[in-house]
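Chemist: I have a structure I would like to understand better, so I am pasting it below and will then ask my questions one at a time.
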Amino acid sequence: MGRYVIRRLLQMIPVFIGTTFIIFAMVHALGDPVAAFFGDKAPDPAAAAQIRQQLGLDNPLIVQYGNYMKGIFSGNLGTAFNGQPVTDLLKIAYPTTLKLALVAFTFEVIIGIGLGVLSGMRRGRLADTGVMMMTLIVISIPTFVIGYVLQYLFGVKWGLADATVPPGAPFQSLLLPGIVLASVSLAYVARLTRTTIAENSKADYVRTAVAKGLPRRRVVTHHLLRNSLIPVITFLGTDLGALMGGALVTERIFNIHGVGYYLYQGIVHQDTSTVVGFVTVLVIVFLLANLLVDLLYAVLDPRIRYA
Amino acid sequence: MGIHATEVTAEAGRGRTADSEDAPLLQVKNLQVEFRTRDGVAKAVNGVNYSVRAGETLAILGESGSGKSVSSQAVMGILDSPPGFVTGGEIVFKGQDLLKLSNEKRRKIRGTQMAMIFQDALSSLNPVHTVGTQLGEMFRVHRGTSKSEAKKKAVELMERVGIPAAKERVNQYPHQFSGGMRQRIMIAMALALEPDLIIADEPTTALDVTVQAQVMELLADLQAEYNMGLILITHDLGVVADVADKIAVMYAGRIVETAPVHELYKRPAHPYTRGLLDSIPRLDQKGQELYAIKGLPPNLLRIPSGCAFNPRCPMAQEICRTEVPPLHAVTEADGAPLEGRGSACHFWKETIHG
Ligand SMILES: Nc1ncnc2c1ncn2[C@@H]1O[C@H](COP(=O)(O)OP(=O)(O)OP(=O)(O)O)[C@@H](O)[C@H]1O
Ligand code: SF4
Ligand SMILES: [Mg+2]
């Protein structure tokens, strides 16, 4: 197992280098950051050239990338569009987004699995049909529509929740954004859970558990659920990374100053340091979440062994 | 229908018989099961009668789809419902009709008083729990045993069914065992609380031939030791001969012939049974083409009228297409009774004596 983890960590290095380089090149292709710096006014060519030289922007792309990577390993991710070090922005943004992602994740686990079990155990009945229809609706409506509608209803019309999240992002203000962020994944979790429950409830080992005279509760929790949740947990694990990256839309709706907000600002300002810095951390989170899922998989299913 | 077989009794019992001499351990009377599916109602079991005494082995024989598994699942109370429903009959176990009991009462009987062994031990054991956990679960749930005590019991059970190094292997998972060892674990699990009745649904079909014999022997030994009733479901006539006391042959959800095991082999009283026997490869007929019953098992959505076997039967007459044959008591040609024999054929006399 230890060996496997080390191998996986080593494999991350080329993936990491590759993704960061692609991001780096893409942001460059977006346009001239110095021009963006001056806004609508046309920059004075001499001044622009000087800034370019200062920032090393006149070097070939690959050299710039090399310099950037050097910076990363000494903990310097460059300066953001607003003059703050990118590391400072990361320190503000990531905890906020993580908090939001965890709230969303909790909804996903509790409501998603709950609904999935409910409908999987009552296939073809009213509860099942209801859940299937609801989840289909949630999946087919774009997140920002759900977001604005819920914001209007709960935040503005009924005043049951904060319409926007105040600075510092206190926990209860994140409940509404959390449900919006979770909505689509939650629907997928519910459907996936339903499918695996329905499949496994016909499995021979479930029949054995019934034949052993176990109470229905125990058959469901110890035998049916324990097996059915393996693919669901795998999905949830990969989704944790996706939630952090996908918070962009939700953060804009509820004015949350998290990863999505700064990433958006970085793109608007064509600021390589900010964009690459934020995306790099996202990539790392994603890779680690994936590794965690694979390890968890081996814990949940004894038939899987890593060497 | 209400046709009851002449009570089929065991040949002089192996060991002690249950408390009251003439009450069988299990008596299934006119059992009917149907599956309500999208395509229609499949009548899987249509009035099955049989009985098993303590220490006795009843083999249920029949082609695939004849209702062997479904009838025994109905006895265990583990029918897949919906779509399966018991629509009639009685299942009298130790003097009470199980079909009249509450679900909770039936659950408490399962595992403690009657247990089941399934065909495919790999899929029938839970892949994510150790065999120790799954064996110990019987004691934990039904007896409230502590975790450590349950594990000790699990090791004892594994030793009892001949699994070497049980102490170490108790912590392993089903996929780490060979097929034969896994089936031994299934047997151990069924045996755990020393039930009065074990139903084994094709316990050796998934195993290698050499292992088959060992597992069958183990099962027979344990049955004799604990004086349990055993229902052995199989479509392998060879397996049955050594271990069973009596045989019930099923066709299209009905028992078409019952007989003590050796008599059935010597003198079948039903054309279907004869067909089954003739399709066993025999050494003295080497080289000859193997006999096979022509045609296919009936569609349970549309069972033929009269005798269900009539489209495939070489002896079928007009009456076979219109009248359902009751289970006749089979006698010698001179009318002397043959204990425990019955045949659901209009022409049983011609079949056995002709
Ligand atoms: N879950 C189910 N849903 C619908 N029909 C079923 C179901 N289970 C069994 N049946 C029907 O009941 C019939 C009898 O099945 P059963 O499993 O008892 O056969 P069997 O005699 O055990 O055959 P085999 O030797 O293949 O195990 C089958 O032909 C099938 O049509
Ligand atoms: S009743 Fe008729 S069809 Fe049925 S087994 Fe006897 S002879 Fe054949
Ligand atoms: Mg079967």
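The values are calculated or read from the model by the stated rules, or taken from the named source; none is laboratory data. Given the structure is predicted, the values throughout are model-derived calculations rather than measurements. Because the Cβ atoms are built from the backbone with ideal geometry, glycine has one as well, and the counts that use them run over all protein chains shown. Ligands, DNA and RNA are stripped out before the accessible areas are found, and what is left, the full protein with its side chains, is counted by its heavy atoms. Shrake-Rupley method; radii C 1.70, N 1.55, O 1.52, S 1.80 Å.
Chemist: All but one of (1) open to solvent by less than 40 Å² (accessible area, probe 1.4 Å); (2) more than 8 Å from ligand 2 (Cβ to nearest atom); (3) closer than 30 Å to B:THR57 by Cβ hold for B:PRO304; which doesn't?
Modeler: (3)
Chemist: While we're looking at this one, here's another question. Collect the residues in region B:232-278 that are within 15 Å of ligand 1 (Cβ to nearest atom) and among the hydroxyl-bearing types (Ser, Thr, Tyr), keeping them in residue-number order.
Modeler: B:THR234, B:TYR251, B:TYR272 - these are the residues of region B:232-278 that are within 15 Å of ligand 1 (Cβ to nearest atom) and among the hydroxyl-bearing types (Ser, Thr, Tyr).
Chemist: In addition: Out of B:SER64, B:SER51, B:SER81, which single residue is away from chain A (no Cβ under 14 Å), within 16 Å of ligand 1 (Cβ to nearest atom) and of a type outside the set (A, V, I, L, M)?
Modeler: B:SER64
Conditions tested, residue by residue: (1) within 14 Å of chain A (Cβ to nearest Cβ); (2) within 16 Å of ligand 3 (Cβ to nearest atom); (3) among the β-branched types (Val, Ile, Thr); (4) within 14 Å of B:GLN134 (Cβ to Cβ).
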site: B:ARG160; (1), (2), (3), (4): no, no, no, no
site: B:GLY180; (1), (2), (3), (4): no, no, no, no
site: B:MET186; (1), (2), (3), (4): yes, yes, no, yes
site: B:VAL211; (1), (2), (3), (4): no, no, yes, no
site: B:GLN214; (1), (2), (3), (4): no, no, no, no
site: B:GLU225; (1), (2), (3), (4): no, no, no, no
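Chemist: Inspect all residues belonging to region B:94-105 and state whether any of them is facing another protein chain (nearest Cβ under 9 Å), at pLDDT below 95 and open to solvent by 30 Å² or more (accessible area, probe 1.4 Å).
Modeler: Yes, the conditions are met somewhere in region B:94-105.
Chemist: Any residue at all in region A:159-182 that is over 21 Å from A:ALA247 (Cβ atoms) and assigned by TED's automatic domain parsing to the domain that holds A:LEU98?
Modeler: yes
Chemist: Additional query: Among the strands (runs of 3 or more DSSP E) contained in region B:204-276, which hold 1 or more residues that are open to solvent by 20 Å² or more (accessible area, probe 1.4 Å) and touching a Gly at 6+ places or on another chain (Cβ under 9 Å)?
Modeler: Filter on region B:204-276 gives B:254-260.
Chemist: Identify the residue in region B:319-354 that is away from ligand 2 (no atom under 11 Å from the Cβ), of a type in the set (A, V, I, L, M, F, W, C) and assigned to a loop (DSSP other than H, G, I, E, B) and, among all such residues, is modelled with the highest pLDDT.
Modeler: So in region B:319-354, the residues away from ligand 2 (no atom under 11 Å from the Cβ) come out as B:327, B:329-342, B:352-354.
With of a type in the set (A, V, I, L, M, F, W, C) added as a condition, the list becomes B:327, B:329-330, B:333, B:336, B:338, B:352.
Applying the additional criterion that residues be assigned to a loop (DSSP other than H, G, I, E, B) yields B:327, B:333, B:336.
Details: B:LEU327: 91, B:ALA333: 86, B:ALA336: 85.
It comes out as B:LEU327.
Chemist: Can A:GLU251 be described as under 30 Å from A:GLN151 (Cβ atoms) and of a type in the set (D, E, K, R)?
Modeler: yes
Chemist: Being farther than 26 Å from B:GLU217 by Cα and β-branched (Val, Ile, Thr) is the filter here; which residues of region B:134-168 pass it?
Modeler: Of everything in region B:134-168, those that are farther than 26 Å from B:GLU217 by Cα and β-branched (Val, Ile, Thr) turn out to be B:VAL141, B:THR145.
Chemist: Confirm whether B:ALA192 is under 30 Å from B:THR145 (Cα atoms) and among the small types (Gly, Ala, Ser). Steps first, answer last, please.
Modeler: Details: under 30 Å from B:THR145 (Cα atoms): yes; among the small types (Gly, Ala, Ser): yes.
Spelling it out, B:ALA192 is indeed under 30 Å from B:THR145 (Cα atoms) and among the small types (Gly, Ala, Ser).
Chemist: I've got another one for you. Look through A:PHE235, A:PHE254 and report the one residue that is open to solvent by less than 10 Å² (accessible area, probe 1.4 Å) and either within 12 Å of another protein chain (Cβ to nearest Cβ) or at pLDDT 85 or above (or both).
Modeler: Being open to solvent by less than 10 Å² (accessible area, probe 1.4 Å) and either within 12 Å of another protein chain (Cβ to nearest Cβ) or at pLDDT 85 or above (or both) holds for just one of A:PHE235, A:PHE254, which is A:PHE254.
Chemist: Also, quick follow-up: If I filter region B:57-74 for residues that are assigned by TED's automatic domain parsing to the domain that holds B:GLY238, away from ligand 3 (no atom under 14 Å from the Cβ), open to solvent by less than 40 Å² (accessible area, probe 1.4 Å) and at positive phi, do I get at least one hit?
Modeler: No.
Chemist: Now for a separate question. Free of Cβ contacts under 8 Å to residues at least 12 places away in the same chain and surrounded by fewer than 16 Cβ atoms within 10 Å (Cβ to Cβ): which single residue out of B:GLU350, B:GLU318, B:GLU323 fits that description?
Modeler: Every option except B:GLU318 fails the conditions.
Chemist: Just the residues that are crowded, with 19+ Cβ neighbours inside 10 Å, facing chain B (nearest Cβ under 10 Å) and in a helix (DSSP H, G or I), please, taken from region A:190-218.
Modeler: Residues satisfying the conditions are A:TYR205, A:VAL206, A:ARG207, A:THR208, A:ALA209, A:VAL210, A:ALA211.
Chemist: If you don't mind, another one. Can you tell me how many residues within region B:115-140 are in a helix (DSSP H, G or I), at the interface with chain A (Cβ under 8 Å from one of its Cβ atoms) and crowded, with 22+ Cβ neighbours inside 10 Å?
Modeler: The total comes to 3.
Chemist: Only one residue in A:SER183, A:SER201 is more than 27 Å from the chain's Cα centre (by Cα) and within 28 Å of A:ARG226 (Cα to Cα). Which one? Lay out the reasoning, then the answer.
Modeler: Working: A:SER183 fails: more than 27 Å from the chain's Cα centre (by Cα).
When all the criteria are applied, what remains is A:SER201.
Chemist: Give just the number: which of (1) in a helix (DSSP H, G or I); (2) within 14 Å of chain B (Cβ to nearest Cβ); (3) open to solvent by 50 Å² or more (accessible area, probe 1.4 Å) does A:ILE230 not satisfy?
Modeler: Unmet condition: (3).
Chemist: Considering every residue within region B:279-298, establish whether at least one is open to solvent by 80 Å² or more (accessible area, probe 1.4 Å), farther than 24 Å from B:TYR50 by Cα, within 16 Å of ligand 1 (Cβ to nearest atom) and assigned by TED's automatic domain parsing to the domain that holds B:GLN32.
Modeler: yes
Chemist: Looking only at region B:75-93, which residues are free of Cβ contacts under 8 Å to residues at least 60 places away in the same chain, open to solvent by less than 40 Å² (accessible area, probe 1.4 Å) and of a type in the set (A, V, I, L, M)?
Modeler: Residues satisfying the conditions are B:ILE78, B:LEU79.
Chemist: Of the residues B:THR112, B:THR87, B:THR145, which single one is in a loop (DSSP other than H, G, I, E, B), more than 14 Å from chain A (Cβ to nearest Cβ) and over 16 Å from the mean Cα position of the chain (by Cα)? Give the steps one after another, and end with the answer.
Modeler: Working: B:THR112 fails: more than 14 Å from chain A (Cβ to nearest Cβ); B:THR87 fails: in a loop (DSSP other than H, G, I, E, B).
After ruling out the rest, the residue left standing is B:THR145.
Chemist: Would you mind finding the one in B:GLU257, B:GLU263 that is on the phi < 0 side of the Ramachandran plot, more than 16 Å from ligand 3 (Cβ to nearest atom), in contact with a His (Cβ under 7 Å, 6 or more places away or on another chain) and at pLDDT 85 or above?
Modeler: B:GLU257
Chemist: To continue, here is another question. Of the residues A:ALA187, A:ALA169, A:ALA161, A:ALA182, which is free of Cβ contacts under 8 Å to residues at least 24 places away in the same chain and buried (at least 17 other Cβ atoms within 10 Å of the Cβ)?
Modeler: A:ALA161
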